[in-house]
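Okay, so here's the structure we're looking at.
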Amino acid sequence: MNIILLGPPGAGKGTQASRLEADRGMVQLSTGDMLRAAVKAGSPVGLQAKAVMEAGELVSDAIVSALIGERLDAGAGSGAIFDGYPRTAAQAEALDLLLAERGQTLDHVIELEVDEDALVERIVGRFTCANCGEGYHDRFKRPAVEGTCDVCGHHEFKRRPDDNEATVRTRMTEYRAKTAPIIPIYEGRGLLRRVDGMADIRHVTESIEAILGPA
Ligand code: ADP
Ligand code: ADP
Ligand code: ZN
């Protein structure tokens, strides 16, 4: 089973993808994570992407689709969860091709619906474990023991350089202009499922599980 999690920055895509990975053995394919790894490694892709990401703009379609293709070739367990990809009509077409070439199909496109007002707060309060990458929030998802990662016990956390209010506004504008227009395409194909992304994290997971059916 292959699914797309779609929604603006801060909608909860990464949070839900990691829960589905843990619950179902699916594999999260996050182009944001892949690009951040490339930036950290200083690879040619990273060098090209760094400034674009810091500005909150979109990296080129060719780069992100190539990253996804490489990951699909590496194998995706019991199914792929596309998180943050596709983000443009060209990427949506590329994904169809990448899947078809591998004899695979897309099963569901799950849109996380969230109030725009809530997104800035979600983004500026977001942080992750510096060791295992588990996601947290200053208000909505604090570690059970202050300063200690619930998953791995590590004590250092980090924040993304692009998680500031100015950049978030640009990212939202990009979402509205380039990503939201792909929603009707999937709706027309009968693949779109809408989920209330304003519910608490556990309830959002339950709504997604209900769409996916028994693991
Ligand atoms: P995305 O991957 O869509 O950008 P994240 O999954 O990283 O979003 O979530 C953004 C922030 O909001 C994180 O700090 C996360 O802990 C928090 N968050 C995610 N889902 C919810 C929710 N349903 N309610 C409240 N906070 C949430
Ligand atoms: P978000 O919290 O907005 O969902 P991501 O981690 O998915 O953040 O993406 C961070 C940044 O990486 C984006 O603002 C963009 O610059 C770049 N990026 C990630 N995925 C894509 C993509 N599919 N197409 C173009 N740029 C991307
Ligand atoms: Zn951790």
Take Ala199 and decide whether it is in a loop (DSSP other than H, G, I, E, B), without any contact (Cβ under 8 Å) to a residue 12 or more places away in the chain, hydrophobic (A, V, I, L, M, F, W, C) and touching a helix residue (DSSP H, G or I) at 6+ places or on another chain (Cβ under 9 Å).
-> yes
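Results for (1) in a loop (DSSP other than H, G, I, E, B); (2) more than 22 Å from His203 (Cβ to Cβ); (3) not polar (S, T, N, Q), shown as yes or no for each residue.
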{"site": "Gly69", "(1), (2), (3)": "no, yes, yes"}
{"site": "Ser78", "(1), (2), (3)": "yes, yes, no"}
{"site": "Ala94", "(1), (2), (3)": "no, yes, yes"}
{"site": "Leu98", "(1), (2), (3)": "no, yes, yes"}
{"site": "Gln104", "(1), (2), (3)": "yes, yes, no"}
{"site": "Ile110", "(1), (2), (3)": "no, no, yes"}
{"site": "Leu119", "(1), (2), (3)": "no, no, yes"}
{"site": "Ile123", "(1), (2), (3)": "no, no, yes"}
{"site": "Asn131", "(1), (2), (3)": "yes, yes, no"}
Filter result (in a helix (DSSP H, G or I) and closer than 15 Å to Ser30 by Cα) within the range 50-67 = Met53, Asp61, Ile63, Val64, Ser65, Ala66, Leu67
Could you pull out the residue among Gly190, Gly197, Gly153, Gly147 that is within 13 Å of ligand 2 (Cβ to nearest atom) and at pLDDT 95 or above?
-> Gly197
Within the bounds of the range 126-135, is there any residue that is under 27 Å from Gln91 (Cα atoms), of a type in the set (Val, Ile, Thr) and crowded, with 16+ Cβ neighbours inside 10 Å?
-> no
Expected output for the range 125-140 (first residue acidic (Asp, Glu), partner buried (at least 17 other Cβ atoms within 10 Å of the Cβ), Cβ below 6 Å, 6+ apart or cross-chain) is Glu134/Cys149; Asp138/Gly125
Please specify each residue of the range 172-185 satisfying the condition of being touching a helix residue (DSSP H, G or I) at 6+ places or on another chain (Cβ under 8 Å) and either modelled with pLDDT under 95 or aliphatic (A, V, I, L, M) (or both).
-> Met172, Ile182, Ile185
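The values are calculated or read from the model by the stated rules, or taken from the named source; none is laboratory data. Fair warning: this is a prediction, and the values are worked out from it, not measured in the lab. Neighbour counts are summed over all protein chains in view; Cβ atoms, including those assigned to glycine, are modelled from backbone coordinates with ideal geometry.
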